[in-house]
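Structure, as structure tokens:
The values are calculated or read from the model by the stated rules, or taken from the named source; none is laboratory data. Please read these numbers as outputs of a predicted model, since none were measured by experiment. As a convention, Cβ positions derive from the backbone with ideal geometry for all residues, glycine included, and neighbour counts pool all protein chains shown.
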């Protein structure tokens, strides 16, 4: 699970009681977020990370927002089947420019509040979710499927946001599941994580954070560092320990869903059994986890040939 670094005390509440938040988008030109509501007034609001909200307009029912390459925002016309870029200042659709002139994106392929899409008008690609386990990547000019990406999350992404060139951050509001998908080069999931379940969420491509508004209307900010939850028992490799030889011993640090915790320091301690002191010694007192969450050490047995039992204790250094 990714680490929560901030939770607001302010509540981001739509002004109309009939409104509810449908979307949240990071707007690089603002360095803040656009909150989009549905329902009564269909409020549009500029929202900051501390929960401050300024209502500045109403949303047209003829448009649905979607993420765009380079962290931009776009709007799909549910009646025209055209995708328009958003103005930098207002984040509203620029009807004078069309990003898909060659392929009308029909209702079956357009974004909704429950199934987001994404447009890369630079690489001329369009990402659509045909089911809860796959993304189809379309040629934006011809409307033909160029290739498919299986992510096997088992849920529709309610957020598909630009993270970097060819990389999108995809999020599921019900479970908080997060998947980073490389749709251009590796064409698959390159990182998996999780945040708390949320109402709407966004990926901040400038500061590399995830920002959500929960069902309690509080803003939460998460950094992309996995919160440690599981530290495995030390294990020798090979399992047979030999005398004065350096015996490799390792432990793995992981998050709640088994994802690796990289770059954390693990403390090692050699303990004896009962009232007996430890025999031999460990090469290191601390070691750092690698890309897969493993921390390594060496154990050397006693130099006098004594036999007995030892215990190795490991703990995470916070």
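Could you tell me which residue of region 26-75 is surrounded by the most Cβ atoms within 10 Å (Cβ to Cβ), considering only residues that are in contact with a helix residue (DSSP H, G or I) (Cβ under 9 Å, 6 or more places away or on another chain) and assigned to a strand (DSSP E or B)? Out of the qualifying residues, it is 26. If you go through region 272-289 and pick out every residue that is in contact with a strand residue (DSSP E or B) (Cβ under 8 Å, 6 or more places away or on another chain) and outside any strand (DSSP E or B), you end up with 8.
Here is a yes/no grid of residues against (1) free of Cβ contacts under 8 Å to residues at least 60 places away in the same chain; (2) closer than 12 Å to residue 184 by Cα:
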position: 109; (1), (2): yes, no
position: 114; (1), (2): yes, no
position: 124; (1), (2): yes, yes
position: 127; (1), (2): yes, yes
position: 144; (1), (2): yes, no
position: 148; (1), (2): yes, yes
position: 155; (1), (2): yes, no
position: 160; (1), (2): no, no
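Do we have residue 292 as in contact with a strand residue (DSSP E or B) (Cβ under 7 Å, 6 or more places away or on another chain) and not in a strand (DSSP E or B) here? Judged against the criteria, residue 292 is a match. Inspection of region 45-68 finds no residue satisfying the criterion of being at positive phi, without any contact (Cβ under 8 Å) to a residue 24 or more places away in the chain and in the same structural domain as residue 192 (by TED's automatic domain parsing).
Please determine whether any residue of region 301-318 is assigned to a loop (DSSP other than H, G, I, E, B), under 25 Å from the mean Cα position of the chain (by Cα), closer than 17 Å to residue 2 by Cα and modelled with pLDDT of 95 or more. Scanning region 301-318 turns up no residue that is assigned to a loop (DSSP other than H, G, I, E, B), under 25 Å from the mean Cα position of the chain (by Cα), closer than 17 Å to residue 2 by Cα and modelled with pLDDT of 95 or more.
When the residues of region 223-248 are narrowed to those that are under 16 Å from residue 194 (Cα atoms) and in a loop (DSSP other than H, G, I, E, B), which ends up nearest to the chain's Cα centre (by Cα)? Only one residue tops the list, namely 227. Filtering 215, 161 for residues that are surrounded by fewer than 16 Cβ atoms within 10 Å (Cβ to Cβ) and assigned by TED's automatic domain parsing to the domain that holds residue 29 leaves a single hit, 215.
Evaluation of residue 233 against the conditions (1) out of contact with any strand residue (DSSP E or B) (no Cβ under 8 Å at 6 or more places or on another chain); (2) surrounded by fewer than 13 Cβ atoms within 10 Å (Cβ to Cβ) shows that the sole unmet condition is (1).
Conditions (1) more than 22 Å from residue 202 (Cβ to Cβ); (2) exposed (fewer than 15 other Cβ atoms within 10 Å of the Cβ); (3) outside the structural domain of residue 35 (by TED's automatic domain parsing), marked per residue:
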| site | (1), (2), (3) |
| --- | --- |
| 77 | yes, no, no |
| 103 | yes, no, no |
| 116 | no, no, no |
| 133 | yes, yes, no |
| 136 | yes, no, no |
| 142 | yes, yes, no |
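Against the conditions (1) free of Cβ contacts under 8 Å to residues at least 12 places away in the same chain; (2) crowded, with 17+ Cβ neighbours inside 10 Å, residue 318 satisfies every one except (2).
Residues in region 196-222 that are touching a strand residue (DSSP E or B) at 6+ places or on another chain (Cβ under 8 Å), closer than 18 Å to residue 116 by Cα and assigned to a loop (DSSP other than H, G, I, E, B): 198, 199, 205.
The residues of region 118-131 that are surrounded by 17 or more Cβ atoms within 10 Å (Cβ to Cβ) and assigned to a loop (DSSP other than H, G, I, E, B), listed by number, are 121, 124. Could you pull out the residue among 272, 280, 255 that is surrounded by 13 or more Cβ atoms within 10 Å (Cβ to Cβ), within 30 Å of residue 177 (Cα to Cα) and at pLDDT below 95? On inspection, the qualifying residue turns out to be 255.
Of all residues assigned to region 231-241, none qualifies as being farther than 25 Å from residue 298 by Cα and free of Cβ contacts under 8 Å to residues at least 40 places away in the same chain.
Considering every residue within region 134-143, establish whether at least one is closer than 21 Å to residue 24 by Cβ, out of contact with any strand residue (DSSP E or B) (no Cβ under 6 Å at 6 or more places or on another chain) and assigned to a loop (DSSP other than H, G, I, E, B). For region 134-143, residues closer than 21 Å to residue 24 by Cβ, out of contact with any strand residue (DSSP E or B) (no Cβ under 6 Å at 6 or more places or on another chain) and assigned to a loop (DSSP other than H, G, I, E, B): absent.
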